[in-house]
Amino acid sequence: MAEKYINPHTDFGFKRLFGSEFNKELLISFLNAMFHGEQNVQDVTYLNSEQLGDRVDARRAIFDVYCENDKGEKFIVEMQNVYQEFFKDRTIYYSTFPIREQAQRGGDWDFHLNPVYTIGLLNFNFADGLENAKRWHHEVKLMEVDTHEVFYDKLTYIYVEIPKFDKKESELESMYDKWMYVLKNLSNLMQRPAALQERVFTRLFEQAEISKFDKQELKLYEDSVNAYRDIVNAIRTAEKKKYAEGRAEGRAEGEKKAKERIASNLLALGVPIETIMQASDLSEEEIKNIQ
């Protein structure tokens, strides 16, 4: 492979950096950076990423990373490469699992819940409801509509639009900036940037260097890269098809409008409809609708 460092957008790359006990200091650093000091995560415990439903036939959920901090707060962290029509619904659905599992059997439970955070790292621009937003970090909570005050602060959804992050290395200020720079550019780097001198990034670049993988790790990574490229190619193909269809529709619409203008001018001159039909290739009904 031409790359020196792994692509964190791949399933293998993301889970190697953020989903392994061996590298959990990377996840801790990222979470603390994302919350701008509002969180002080000292430790995390990885939880079972495969969540089953209440019934045998119920739909399950598989998270990229699922963990809790030392205060019992739950974190779902997902790398999402493809836009889905009901992606917001999916994140809401995912958050029900850590909520439901907190229910205690017996009559003494008073419904007290620990906070749940669902974090979506999006490798696309999340247009649905955010198309006019210039920021790349979006934090969503339940609020009271009239006052815009937070109604419930224990349920948080964070959506991070990676493509919108456009800071250069010389512009990196906060740790969050630095982590975002890594998430967006890691696989394109050939050496560790001078701006990333914190100890946690020493760990990251050591773990991300492909030449240090054993044969099994390299095979798993190559398979993950191929799966990622299939997704990217499918998206590009769909976009090209949509663009081509849009151009074809545009041409057809333009041609029809040109014919209607010709018909309208001929009608104004009193030319018979039969003659206009021959000149414009429009039907009698279409010509009459112009009048």
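The values are calculated or read from the model by the stated rules, or taken from the named source; none is laboratory data. Only a predicted model underlies this, so the values are computations on that prediction, with no experimental measurement involved. Glycine also receives a Cβ, built like all others from the backbone with ideal geometry; neighbour counts cover every protein chain displayed. Side chains are part of the model used for accessible areas, which takes the heavy atoms of the whole protein and leaves out ligands, DNA and RNA. Shrake-Rupley method; radii C 1.70, N 1.55, O 1.52, S 1.80 Å.
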By residue number, the members of the stretch 189-207 that are of a type outside the set (S, T, N, Q) and in a helix (DSSP H, G or I) are 199, 200, 201, 203, 204, 205, 206
Which members of the stretch 152-166 meet the condition of being more than 18 Å from residue 36 (Cα to Cα) and open to solvent by 50 Å² or more (accessible area, probe 1.4 Å)? 152, 163, 166
Can you confirm whether the stretch 93-104 contains a residue that is within 24 Å of residue 210 (Cβ to Cβ), open to solvent by 20 Å² or more (accessible area, probe 1.4 Å) and touching a His at 6+ places or on another chain (Cβ under 9 Å)? no
For the list (1) open to solvent by less than 20 Å² (accessible area, probe 1.4 Å); (2) at pLDDT below 95, I need the number of the one condition that residue 119 fails. (2)
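Yes/no matrix, rows are residues, columns are (1) in contact (Cβ under 8 Å) with a residue 60 or more places away in the chain; (2) part of a strand (DSSP E or B):
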residue: 119; (1), (2): yes, yes
residue: 157; (1), (2): yes, yes
residue: 167; (1), (2): no, no
residue: 170; (1), (2): no, no
residue: 187; (1), (2): yes, no
Mind telling me which of the residues 83, 93 ends up being under 20 Å from the mean Cα position of the chain (by Cα) and either outside any loop (DSSP other than H, G, I, E, B) or modelled with pLDDT of 90 or more (or both)? 93
Here are 106, 129, 72: which of them is modelled with pLDDT of 85 or more, out of contact with any Cys (no Cβ under 6 Å at 6 or more places or on another chain) and not charged (D, E, K, R)? 72
Residue 14 vs (1) of a type outside the set (D, E, K, R); (2) at pLDDT 90 or above; (3) open to solvent by 60 Å² or more (accessible area, probe 1.4 Å); (4) under 20 Å from the mean Cα position of the chain (by Cα): all pass except (3)
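Rundown of residues vs (1) in contact with an Asp or Glu (Cβ under 7 Å, 6 or more places away or on another chain); (2) assigned to a loop (DSSP other than H, G, I, E, B); (3) aliphatic (A, V, I, L, M); (4) touching a residue at least 40 places away in the same chain (Cβ under 8 Å), yes/no style:
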| residue | (1), (2), (3), (4) |
| --- | --- |
| 2 | no, yes, yes, no |
| 14 | yes, no, no, yes |
| 17 | no, no, yes, yes |
| 25 | no, no, no, yes |
| 29 | no, no, no, yes |
| 33 | no, no, yes, yes |
| 36 | no, yes, no, yes |
